[in-house]
Amino acid sequence: MILYGTSYSPFVRKILVTLAEKDVAFEHKPVFFHAPDESFQACSPLGKIPAIEDDGFRLADSSAISAYIEAKHPNPALWPQAPKERARAVWFDKFGDTELFPVLIKPFAERVVKPVLMGKPGDEAVAVKAVTDEFPKLYDYLESQIDGPYLVGGVFSIADIAVATTFHNLRLAKEPVDASRWPKLAAYIDATLSRPSFVTAIAAPTN
Ligand SMILES: N[C@@H](CCC(=O)N[C@@H](CS)C(=O)NCC(=O)O)C(=O)O
(Lines give C-alpha, C1' and ligand atoms only; values in the text may rest on other atoms or scores of the structure.)
Protein backbone atom coordinates (compact mmCIF):
# COMPACT_ATOMS: atom_id res chain seq x y z
CA MET A 1 0.00 0.00 0.00
CA ILE A 2 1.14 3.53 -0.78
CA LEU A 3 -0.06 6.31 1.54
CA TYR A 4 0.05 9.86 0.19
CA GLY A 5 0.17 12.85 2.53
CA THR A 6 2.42 14.82 4.86
CA SER A 7 2.32 13.71 8.48
CA TYR A 8 1.51 17.34 9.42
CA SER A 9 -2.05 16.58 8.31
CA PRO A 10 -4.38 15.36 11.07
CA PHE A 11 -6.27 13.31 8.47
CA VAL A 12 -3.10 11.62 7.23
CA ARG A 13 -2.15 11.01 10.87
CA LYS A 14 -5.40 9.05 11.34
CA ILE A 15 -4.18 6.61 8.72
CA LEU A 16 -0.60 6.50 9.98
CA VAL A 17 -1.91 5.58 13.45
CA THR A 18 -4.28 2.99 11.97
CA LEU A 19 -1.49 1.32 9.99
CA ALA A 20 0.78 1.31 13.05
CA GLU A 21 -1.92 -0.19 15.29
CA LYS A 22 -2.49 -2.98 12.77
CA ASP A 23 1.21 -3.37 11.91
CA VAL A 24 0.52 -3.05 8.17
CA ALA A 25 3.54 -2.44 5.91
CA PHE A 26 3.23 0.55 3.58
CA GLU A 27 5.20 3.06 1.56
CA HIS A 28 4.76 6.67 2.64
CA LYS A 29 4.84 9.49 0.10
CA PRO A 30 4.52 12.64 2.25
CA VAL A 31 3.14 15.01 -0.39
CA PHE A 32 1.24 18.20 0.42
CA PHE A 33 -2.35 18.64 -0.74
CA HIS A 34 -2.76 19.56 -4.41
CA ALA A 35 0.80 18.32 -5.10
CA PRO A 36 1.43 18.13 -8.86
CA ASP A 37 2.21 14.43 -8.65
CA GLU A 38 0.27 12.45 -11.23
CA SER A 39 0.07 9.22 -9.25
CA PHE A 40 -1.22 11.14 -6.20
CA GLN A 41 -3.72 13.13 -8.26
CA ALA A 42 -5.03 9.86 -9.70
CA CYS A 43 -5.84 8.70 -6.15
CA SER A 44 -7.39 11.93 -4.86
CA PRO A 45 -10.06 13.47 -7.10
CA LEU A 46 -10.04 16.77 -5.17
CA GLY A 47 -6.31 16.83 -4.46
CA LYS A 48 -6.87 16.36 -0.71
CA ILE A 49 -4.74 14.23 1.61
CA PRO A 50 -4.72 11.41 2.62
CA ALA A 51 -5.08 9.12 -0.37
CA ILE A 52 -3.93 5.56 -0.96
CA GLU A 53 -3.15 3.13 -3.72
CA ASP A 54 -3.25 -0.57 -2.90
CA ASP A 55 -2.63 -3.02 -5.74
CA GLY A 56 -4.16 -0.57 -8.20
CA PHE A 57 -7.10 0.31 -5.90
CA ARG A 58 -7.20 4.08 -5.37
CA LEU A 59 -9.04 5.83 -2.56
CA ALA A 60 -9.14 9.23 -0.84
CA ASP A 61 -10.68 10.38 2.48
CA SER A 62 -9.45 9.29 5.90
CA SER A 63 -12.75 7.71 6.95
CA ALA A 64 -13.11 5.73 3.72
CA ILE A 65 -9.48 4.62 3.94
CA SER A 66 -9.98 3.62 7.58
CA ALA A 67 -12.99 1.49 6.61
CA TYR A 68 -10.98 -0.17 3.84
CA ILE A 69 -8.02 -0.97 6.09
CA GLU A 70 -10.36 -2.29 8.79
CA ALA A 71 -12.03 -4.68 6.36
CA LYS A 72 -8.72 -5.86 4.96
CA HIS A 73 -6.85 -6.06 8.28
CA PRO A 74 -9.51 -6.66 10.95
CA ASN A 75 -7.12 -7.16 13.88
CA PRO A 76 -6.89 -5.36 16.18
CA ALA A 77 -10.37 -3.98 15.53
CA LEU A 78 -10.57 -0.18 15.46
CA TRP A 79 -14.25 -0.01 14.50
CA PRO A 80 -16.49 -1.46 17.25
CA GLN A 81 -19.12 -4.06 16.27
CA ALA A 82 -21.86 -3.55 18.87
CA PRO A 83 -24.57 -1.28 17.43
CA LYS A 84 -24.39 1.56 19.95
CA GLU A 85 -20.60 1.48 20.07
CA ARG A 86 -20.31 1.43 16.28
CA ALA A 87 -22.65 4.41 16.06
CA ARG A 88 -20.70 6.33 18.72
CA ALA A 89 -17.47 5.61 16.85
CA VAL A 90 -18.97 6.96 13.63
CA TRP A 91 -20.12 10.03 15.55
CA PHE A 92 -16.70 10.76 17.05
CA ASP A 93 -14.96 10.15 13.73
CA LYS A 94 -17.27 12.66 12.09
CA PHE A 95 -17.06 15.05 15.06
CA GLY A 96 -13.27 14.99 14.87
CA ASP A 97 -13.20 15.59 11.12
CA THR A 98 -15.96 18.16 10.73
CA GLU A 99 -16.28 19.95 14.09
CA LEU A 100 -12.90 19.75 15.86
CA PHE A 101 -10.55 19.99 12.88
CA PRO A 102 -11.82 23.24 11.29
CA VAL A 103 -11.62 25.06 14.65
CA LEU A 104 -8.61 23.44 16.33
CA ILE A 105 -6.42 23.81 13.25
CA LYS A 106 -6.59 27.63 13.36
CA PRO A 107 -3.61 28.23 15.71
CA PHE A 108 -1.51 25.78 13.65
CA ALA A 109 -2.53 27.51 10.41
CA GLU A 110 -1.64 30.97 11.74
CA ARG A 111 1.48 30.11 13.79
CA VAL A 112 3.06 27.32 11.72
CA VAL A 113 1.59 26.85 8.23
CA LYS A 114 1.64 30.48 7.15
CA PRO A 115 4.88 31.76 8.75
CA VAL A 116 6.98 28.58 8.70
CA LEU A 117 5.73 26.57 5.72
CA MET A 118 4.51 29.34 3.42
CA GLY A 119 6.79 32.23 4.39
CA LYS A 120 3.97 34.71 4.93
CA PRO A 121 2.72 36.34 8.12
CA GLY A 122 0.14 34.54 10.24
CA ASP A 123 -2.71 36.38 11.91
CA GLU A 124 -2.30 35.85 15.66
CA ALA A 125 -5.69 37.52 16.31
CA VAL A 126 -7.42 34.72 14.39
CA ALA A 127 -5.64 32.10 16.52
CA VAL A 128 -6.45 33.85 19.80
CA LYS A 129 -10.09 34.41 18.84
CA ALA A 130 -10.50 30.70 18.03
CA VAL A 131 -8.93 29.65 21.33
CA THR A 132 -11.00 32.14 23.32
CA ASP A 133 -14.37 32.00 21.58
CA GLU A 134 -14.57 28.65 19.79
CA PHE A 135 -12.50 26.11 21.73
CA PRO A 136 -14.40 26.12 25.08
CA LYS A 137 -17.66 24.69 23.72
CA LEU A 138 -15.80 21.81 22.03
CA TYR A 139 -13.56 21.18 25.03
CA ASP A 140 -16.52 21.27 27.45
CA TYR A 141 -18.28 18.62 25.37
CA LEU A 142 -15.21 16.36 25.24
CA GLU A 143 -14.62 16.81 28.97
CA SER A 144 -18.20 15.54 29.51
CA GLN A 145 -17.57 12.45 27.36
CA ILE A 146 -14.34 11.20 28.94
CA ASP A 147 -14.82 8.47 31.53
CA GLY A 148 -11.71 6.31 31.31
CA PRO A 149 -8.85 5.94 28.85
CA TYR A 150 -11.00 5.45 25.72
CA LEU A 151 -14.06 7.20 24.31
CA VAL A 152 -16.06 4.16 23.16
CA GLY A 153 -16.57 0.66 24.58
CA GLY A 154 -13.54 0.56 26.86
CA VAL A 155 -11.08 -0.06 24.02
CA PHE A 156 -8.93 2.11 21.76
CA SER A 157 -10.80 2.86 18.52
CA ILE A 158 -11.18 5.15 15.55
CA ALA A 159 -13.05 7.48 17.93
CA ASP A 160 -9.84 8.11 19.89
CA ILE A 161 -7.78 8.44 16.72
CA ALA A 162 -10.13 10.96 15.11
CA VAL A 163 -10.57 13.07 18.23
CA ALA A 164 -6.92 13.14 19.36
CA THR A 165 -5.25 13.64 15.99
CA THR A 166 -5.63 17.42 15.63
CA PHE A 167 -4.40 17.97 19.20
CA HIS A 168 -0.88 17.19 17.97
CA ASN A 169 -1.12 20.20 15.66
CA LEU A 170 -2.16 22.25 18.67
CA ARG A 171 1.01 21.16 20.43
CA LEU A 172 3.05 22.24 17.42
CA ALA A 173 1.22 25.57 17.65
CA LYS A 174 2.14 25.82 21.39
CA GLU A 175 -1.51 25.73 22.43
CA PRO A 176 -1.84 22.88 24.96
CA VAL A 177 -5.14 22.02 26.64
CA ASP A 178 -5.54 23.98 29.89
CA ALA A 179 -5.45 21.15 32.45
CA SER A 180 -6.84 23.34 35.23
CA ARG A 181 -10.03 23.99 33.23
CA TRP A 182 -10.35 20.65 31.35
CA PRO A 183 -8.42 18.10 33.50
CA LYS A 184 -9.93 14.95 31.97
CA LEU A 185 -9.41 16.15 28.40
CA ALA A 186 -5.81 17.23 29.08
CA ALA A 187 -4.94 13.84 30.62
CA TYR A 188 -6.76 11.93 27.86
CA ILE A 189 -4.93 13.80 25.10
CA ASP A 190 -1.55 13.33 26.81
CA ALA A 191 -2.15 9.58 27.16
CA THR A 192 -3.51 9.12 23.65
CA LEU A 193 -0.74 11.06 21.92
CA SER A 194 1.81 9.04 23.96
CA ARG A 195 0.50 5.75 22.59
CA PRO A 196 3.18 4.00 20.48
CA SER A 197 1.09 4.22 17.28
CA PHE A 198 0.70 7.99 17.71
CA VAL A 199 4.40 8.37 18.53
CA THR A 200 5.24 6.48 15.32
CA ALA A 201 2.76 8.54 13.26
CA ILE A 202 4.07 11.82 14.67
CA ALA A 203 7.64 10.82 13.77
CA ALA A 204 6.69 10.05 10.13
CA PRO A 205 8.12 12.39 7.47
CA THR A 206 6.44 15.74 6.89
CA ASN A 207 7.94 16.16 3.41
N1 LIG B 1 -12.63 14.48 4.61
C2 LIG B 1 -11.24 14.42 4.23
C3 LIG B 1 -10.57 15.76 4.53
C4 LIG B 1 -9.12 15.79 4.07
C5 LIG B 1 -8.56 17.20 4.10
O6 LIG B 1 -9.31 18.19 4.10
N7 LIG B 1 -7.23 17.27 4.12
C8 LIG B 1 -6.61 18.57 4.04
C9 LIG B 1 -5.21 18.56 4.62
S10 LIG B 1 -5.22 18.45 6.41
C11 LIG B 1 -6.50 18.95 2.57
O12 LIG B 1 -6.13 18.13 1.75
N13 LIG B 1 -6.85 20.21 2.24
C14 LIG B 1 -6.82 20.71 0.91
C15 LIG B 1 -8.16 21.21 0.46
O16 LIG B 1 -9.11 21.27 1.29
O17 LIG B 1 -8.30 21.54 -0.70
C18 LIG B 1 -10.56 13.27 4.98
O19 LIG B 1 -11.08 12.81 6.01
O20 LIG B 1 -9.53 12.78 4.50
* List the residues whose amide H sits under 5 Å from the amide H of Ala51, counting only those 5 or more places along or on another chain, with H placed 1.01 Å from N in the peptide plane. => Tyr4
* **Share, in percent, of DSSP beta bridges within the chain that are antiparallel, nearest 5** => 70 percent
* Rounded to the nearest 500, what is the 222 nm mean residue ellipticity of the chain from helices alone, with -39500 (n - 2.57) per DSSP H run of 4+ residues and division by all residues? => -14500 deg cm²/dmol
* Structure fact -> Excluding ligands, DNA and RNA, the carbon-plus-sulfur percentage of the accessible area of segment 2-77 with a 1.4 Å probe reads 56 percent
* To do: Given the peptides 154-160, 164-170, 196-202, arrange them by the average over their residues of other C-beta atoms within 10 Å, most packed first.
  => 164-170, 154-160, 196-202
* Heavy-atom surface of the chain, accessible at 1.4 Å and reported per residue (Å²) -> 48 Å²
* Asked: Could you give me the ³J(HN,Hα) list for segment 103-111, computed from phi with Karplus coefficients 6.51, -1.76, 1.60 and θ = phi - 60°, whole Hz, x at Gly and Pro?
  -> 8, 5, 6, 4, x, 5, 4, 7, 9
* To do: Please report, as a whole percent, how much of the solvent-accessible surface of segment 85-207 comes from carbon and sulfur atoms (probe radius 1.4 Å).
  => 59 percent
* **Rg over Rh [alpha-carbon atoms, Kirkwood Rh] for segment 2-77** => 0.94
* Percent of C-alpha pairs per 5 Å bin, the chain, short to long -> 1, 7, 15, 20, 20, 17, 11, 6, 2, 0
* **Net charge dipole size for segment 83-201 [Lys, Arg +1 and Asp, Glu -1 on Cβ; Debye, nearest 20]** => 200 debye
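The values are calculated or read from the model by the stated rules, or taken from the named source; none is laboratory data. Computed from a predicted structure; not experimentally measured. Counting neighbours? That spans all protein chains shown, and the Cβs are built from the backbone with ideal geometry, glycine included. Quick note on the areas: whole protein, heavy atoms, side chains included, nothing else; ligands and nucleic acids left out. Shrake-Rupley method; radii C 1.70, N 1.55, O 1.52, S 1.80 Å.
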